[in-house]
Amino acid sequence: MKIAVLGGDGFVGWPTSLHLSEQGHEIHILDNLSRRWIDTELGVQSLTPMDSIQERTRIWHQETGRRIHFHLIDLARDYEVLKSWLAENRPDAIVHFAEQRAAPYSMKSDRHKNYTVNNNVNATHNLLNAMVEIGLDAHLVHLGTMGVYGYSTVGAEIPEGYLPVGIETMSGETVSQEILYPSNPGSIYHMTKCLDQQLFQFYAKNDGVRITDLHQGIVWGTHTEQTRRHDQLVNRFDYDGDYGTVLNRFLIQAAIGYPLTVHGVGGQTRAFIHIQDSVRCIELALNNAPKKGDRVKIFNQMTETHRVRDLAELVARIAGGTVAYLPNPRKEAAENDLVVKNDQFRALGLNAITLEAGLLSEVMDVAKKYAYRVDRSRIPAVSAWTKDIAPTLEHDPEGRRLKSVS
Ligand code: USQ
């Protein structure tokens, strides 16, 4: 297949591009490199030394003889450029990662809220709009999030996208219907993914666009089979307070002897998936496209659930370290349970990497190897969900006063 990977320079986009290229697909990365600009804005860098996208694709060609093409396009702002590119290249499938993906960054200030909404919603809408306008019947696979469901404890499994409900009619009968699971976003970023869902429902119904939406949990790990092939193919690894996700943060904190930063009492339960399984799921989704006229296909892309404080204790046990219970910068439930259905990927043959099995090698191969590149001052999470939370975040876990919490 000819596959356009939108956002193919990012944390999941890059290993996905390599994986699909290795499978023999013709890969075109469309990216505006915004993630690299945000690193500059925040004064942080990937833990792993990351080359330019042009250099990465050159090394891939040198190692495998396969070409990955790169196109510098901003989906949210360059609608006409995107439309012309799609019209000229007519990909068979499009994988859409091209959104600002950090919840803390999206809550940092009013400017960051605007940026996240404008960027994410426009990117998705521009894409759908252009596909319909040029009559492109490509399968669109979108990276959504488990966060669209919220993490409230309801005492029932979270289904894959749709919830069967009984509705009492005016004549007193009960009719059953499947509705999109009620969305319950916990950040501006998560809210944009809820809005994406509505766009997908409309374009599938009105124009027959074939769409798969992957509700992914928190990705952990760094390497995939392909990124291991050469030092310069390495994936990015974020550990800072905005882009670092919880488990990867704990791994690097343990490696450098920094207290593990648990928010609140650490009672939040979240869904997780290893990066290798994430790219495999995208391949499975591409190979199982919906037919024209089908409703949006939704998969829960996660393999296990864990409570944050249990993860911290597990990492501290494996890699050593102490756990710090800190004021929570977020507005979220102190404790929640989470039970998630993921039958569809299991039925398609996903054989998951378990966290206990993979953690130690991650600490040794990545966290300890690159520990010398860590800037400890970038570890504290200082983006507050509301103004009244901000003053509680004045000290880092080592007791130092932070300069600014905005
Ligand atoms: N947390 C800590 N300590 C930390 C960092 C986070 O206790 O140092 C807690 C947070 O308060 C939260 C949980 O860990 O309760 C998860 O935080 P996270 O930063 O790992 O994940 P999140 O903000 O939810 O976002 C990440 C990705 C996002 C993706 C989402 C999937 O950045 O792109 O959509 O995971 S999910 O969480 O399932 O919605």
Note to self: For the range 131-169, give me each residue that is within 16 Å of the ligand (Cβ to nearest atom), in a strand (DSSP E or B) and either within 17 Å of residue 92 (Cα to Cα) or open to solvent by 60 Å² or more (accessible area, probe 1.4 Å) (or both).
What the structure shows: 141, 142
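Which count do you get for residues in the range 95-124 that are in a helix (DSSP H, G or I) and within 19 Å of the chain's Cα centre (by Cα)?
Final tally of qualifying residues: 16.
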Next item on the list: Select from the range 276-298 the residues that are more than 18 Å from the chain's Cα centre (by Cα) and open to solvent by less than 20 Å² (accessible area, probe 1.4 Å) and write down the one among them that is farthest from residue 376 (Cα to Cα).
Entry: 290
Notebook entry, point to check: So which of 118, 114 is touching a residue at least 40 places away in the same chain (Cβ under 8 Å) and open to solvent by 10 Å² or more (accessible area, probe 1.4 Å)?
Noted result: 118
Checklist line | Qualifying residue in the range 122-129 (condition: surrounded by 17 or more Cβ atoms within 10 Å (Cβ to Cβ) and of a type in the set (Ser, Thr, Tyr)) | finding: yes
Next item on the list: Can you run down the residue pairs with Cβ atoms below 6 Å, 6 or more apart or on separate chains, where the first is in the range 306-318 and under 10 Å from residue 360 (Cα atoms) and the partner is surrounded by fewer than 17 Cβ atoms within 10 Å (Cβ to Cβ)?
Entry: 318/360
Margin query: Taking the condition of being in contact with a His (Cβ under 8 Å, 6 or more places away or on another chain) and not in a loop (DSSP other than H, G, I, E, B), how many residues in the range 366-402 meet it?
Written below: 2
Note to self: For a quick check of your reading of the model, give me the residue pairs whose first member lies in the range 175-199 and is farther than 18 Å from residue 115 by Cβ, whose second is of a type in the set (Asp, Glu) and open to solvent by 30 Å² or more (accessible area, probe 1.4 Å), with beta-carbon atoms closer than 7 Å and at least 6 apart or on different chains.
What the structure shows: 186/332
Notebook entry, point to check: For the range 205-258, which residues satisfy the criterion of being of a type in the set (D, E, K, R) and either open to solvent by 10 Å² or more (accessible area, probe 1.4 Å) or over 24 Å from residue 140 (Cα atoms) (or both)?
Noted result: 205, 207, 210, 225, 228, 229, 231, 236, 238, 240, 242, 249
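Can you tell me which residue is nearest to residue 97 (Cα to Cα) among those in the range 159-174 that are of a type in the set (Gly, Ala, Ser) and free of Cβ contacts under 8 Å to residues at least 40 places away in the same chain? Write out each step before concluding.
Kept after step one, since they are of a type in the set (Gly, Ala, Ser), are these residues of the range 159-174: 161, 166, 171-172.
Subsequent filtering for residues that are free of Cβ contacts under 8 Å to residues at least 40 places away in the same chain retains 166, 171-172.
Numbers: 166: 35, 171: 46, 172: 45 Å.
Among residues in the range 159-174 that are of a type in the set (Gly, Ala, Ser) and free of Cβ contacts under 8 Å to residues at least 40 places away in the same chain, the one nearest to residue 97 (Cα to Cα) is 166.
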Notebook entry, point to check: In the range 319-334, which residues are touching a helix residue (DSSP H, G or I) at 6+ places or on another chain (Cβ under 9 Å) and open to solvent by 60 Å² or more (accessible area, probe 1.4 Å)?
Noted result: 322, 325, 327, 330
Check: Any idea which of (1) near the ligand (Cβ under 10 Å from one of its atoms); (2) farther than 15 Å from residue 355 by Cα; (3) open to solvent by less than 10 Å² (accessible area, probe 1.4 Å) is the one residue 273 doesn't satisfy?
Finding: (2)
Check: In the range 259-270, what residues are surrounded by fewer than 24 Cβ atoms within 10 Å (Cβ to Cβ), aliphatic (A, V, I, L, M) and within 9 Å of the ligand (Cβ to nearest atom)?
Finding: 262
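Could you look through the range 320-354, keep only residues that are among the polar types (S, T, N, Q) and within 16 Å of the ligand (Cβ to nearest atom), and pick out the one that is farthest from residue 255 (Cα to Cα)? Give the steps one after another, and end with the answer.
Just the residues of the range 320-354 that are among the polar types (S, T, N, Q), to begin with: 322, 328, 336, 342, 344, 351, 354.
Filter once more, so that each one left must be within 16 Å of the ligand (Cβ to nearest atom): 322, 328, 336, 342.
Working: 322: 11, 328: 23, 336: 28, 342: 32 Å.
Per the criteria, the residue is 342.
Among the candidates 39, 74, 51, which residue alone is touching a Phe, Trp or Tyr at 6+ places or on another chain (Cβ under 9 Å) and under 20 Å from residue 12 (Cα atoms)? First the steps, then the outcome.
Numbers: 74 fails: touching a Phe, Trp or Tyr at 6+ places or on another chain (Cβ under 9 Å); 51 fails: touching a Phe, Trp or Tyr at 6+ places or on another chain (Cβ under 9 Å).
On inspection, the qualifying residue turns out to be 39.
The values are calculated or read from the model by the stated rules, or taken from the named source; none is laboratory data. Quick caveat, the model's predicted, so the values are computed rather than measured. Backbone-built Cβ (ideal geometry, glycine too); neighbour counts: all protein chains shown. These accessible areas exclude ligands, DNA and RNA; they are computed on the full protein's heavy atoms, side chains included. Shrake-Rupley method; radii C 1.70, N 1.55, O 1.52, S 1.80 Å.
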